[in-house]
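Comments concern the structure below.
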Amino acid sequence: MYTSLISTDELARQLSDPALVLVDCRHNLSDVDAGQRAYGASHLPGARFMHMDRDLSGERTGGNGRHPLPDVAALSGSLSRAGIDASKQVVAYDQNNGMWASRLWWLLHWLGHDAAAVLDGGIDKWIAEGRPITADRPSVQSARFVAMTPRPVISSADILRGLSNHSSNPLTIIDARAPERFRGDIEPLDPVAGHIPGAINRPYGANLTPQQTFKPAELLRAEFDAQLGGAPLSSVVHQCGSGVTACHNLLAMEVAGLPGSRLYPGSWSEWVADPARPVARGT
């Protein structure tokens, strides 16, 4: 069972396994149908496509962020139509670095399906190695995905309590956005620039080698240990702009052997929807 990453070599050996379900998660924030077009042109053999906005996110209310968590019943239906049930090993992939695929990885683990992994290096690495791709759409037999009780996540109210000077349970918040967005120098997507007070910046790209594969587990662990400064893993909260690239840091901590941290799904886009919530700028 693969529960975090799978290499292209390992996937190539498993490709004909009937228990394997491949899911193409390619996406582009500035062109939300680009991933689906790319899938239509070519994809890994047998792969299904799941859309970030339509399948892996829920309805926006104006106050719950840009990529709110999907309704459990709706997500279970999407997973069932993709042929996923408790017997299946799911492998999610995207263009290369795992920033979109890690969202599906996290959602599956959130609902208790631990046999879910991300293809390290994505379709770009797969193609560069001369491995097979196709434009053929697979014939998918629906299954019955049964969601377990969702694992705990963090709300805006939890963070506000954690920021209190009298909090007995302070939180360690890790922000996966680019440094210039964290500092508040720019904000291309949300109406307010800056970060949650007290947050630590770890851009999700820090988890990757120059080849866009994940760093070795030992190196990731050393880097996270240095940033966390001994904070208990149960206090660690991951956020980003909308709860997507934060999953990349959650995956990296899992690879590093540091489980138990949690996601703030609404992230910055939810946080700044309420002007009463505090904002910090700079480093």
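Values quoted throughout were computed directly from the atomic coordinates according to the rules given, and no laboratory measurement underlies them. Since the model is a prediction, treat every value here as computed from it, not as a measurement. FYI the Cβ positions are ideal-geometry reconstructions off the backbone, even for glycines, and counts take in every protein chain you see.
Using 0.36 nm times the number of residues separating Leu233 and Ile200, minus their current alpha carbon distance, what extension gain do you get?
Gain in length upon complete extension: 10.4 nm.
How big is the chain along each principal axis, measuring the range of its Cα positions in Å and listing the largest first?
Principal axes ranked by extent give 55, 39, 34 Å for the Cα atoms.
Report the one residue of Ala128, Asn96, Trp110 whose Cα lies farthest in the direction of the positive end of the charge dipole of segment 90-193 (charges on C-beta: Lys and Arg +1, Asp and Glu -1; origin at the Cα centre).
Trp110
Roughly how big is segment 5-128's charge dipole about its Cα centre, with Cβ charges of +1 (Lys, Arg) and -1 (Asp, Glu), in debye to the nearest 20?
Charge dipole, segment 5-128, about its Cα centre: 160 debye, nearest 20.
Most exposed first by the Cβ proxy, i.e. fewest other Cβ within 10 Å, how do Phe49, Phe145 rank?
So the ranking, lowest neighbour count to highest, is Phe49, Phe145.
Got a sec? Which residues in segment 80-120 would a label at Ala217 touch, if it sits 7 Å along Cα→Cβ and we count backbone N under 18 Å?
Those under the cut-off are 114-120.
Would you mind classifying segment 5-128 by shape? Square roots of the alpha carbon gyration tensor eigenvalues, ordered a ≥ b ≥ c; an a/c under 1.5 is rounded, otherwise it is prolate if a/b is larger than b/c and oblate if not.
oblate
Have a look at Arg13, Arg161, Arg103 and tell me which one the Gaussian network model of the chain (Cα, springs below 10 Å) gives the largest fluctuation.
Arg13
Ser155: net charge of surrounding residues, Cβ under 15 Å, Lys/Arg +1, Asp/Glu -1, itself excluded?
Counting the neighbours of Ser155, the net charge comes to +1.
Report, in debye and to the nearest 20, how large the dipole of segment 156-271 comes out about its Cα centre when Lys and Arg carry +1 and Asp and Glu carry -1 on their Cβ.
120
Which of Ala12, Phe224, Thr213 sits closest to the plus end of the dipole of the chain, meaning its Cα is farthest towards the positive end, when Lys and Arg get +1 and Asp and Glu get -1 on the C-beta?
Most positive-ward Cα: Phe224.
Between Met148 and Ala276, what FRET efficiency comes out of the Förster formula 1/(1 + (r/R0)^6) with R0 = 35 Å and r the beta carbon distance, rounded to 0.05?
Taking R0 as 35 Å, the efficiency between Ala276 and Met148 is 0.50.
So what is the relative contact order for segment 202-283, in percent, with contacts set as C-alpha pairs under 8 Å and at least six apart?
Taking the mean separation of contacting Cα pairs over the length of segment 202-283, I get 30 percent.
Where nothing but the Cβ of Lys and Arg (+1) and of Asp and Glu (-1) is charged, how large is the charge dipole of the chain around its Cα centre, in debye to the nearest 20?
So the magnitude is around 260 debye.
Which of rounded, prolate or oblate describes segment 122-186 when judged by the alpha-carbon gyration tensor and an a/c cut-off of 1.5?
It is oblate, given that a/c is not under 1.5 and a/b is not larger than b/c.
Convert each backbone phi in segment 268-277 into a coupling constant with the Karplus relation 6.51 cos²θ - 1.76 cosθ + 1.60 (shift: θ = phi - 60°), then list the ³J(HN,Hα) values in order as whole Hz, x for Gly and Pro.
Karplus values, whole Hz, x for Gly and Pro: 4, 5, 7, 4, 7, 5, 10, x, 6, 6.
Can you list residues whose amide H is under 5 Å from Ile200's amide H, if they're 5+ apart or on another chain and H is modeled 1.01 Å from N?
Amide H neighbours of Ile200: Ile173, Ile174, Asp175.
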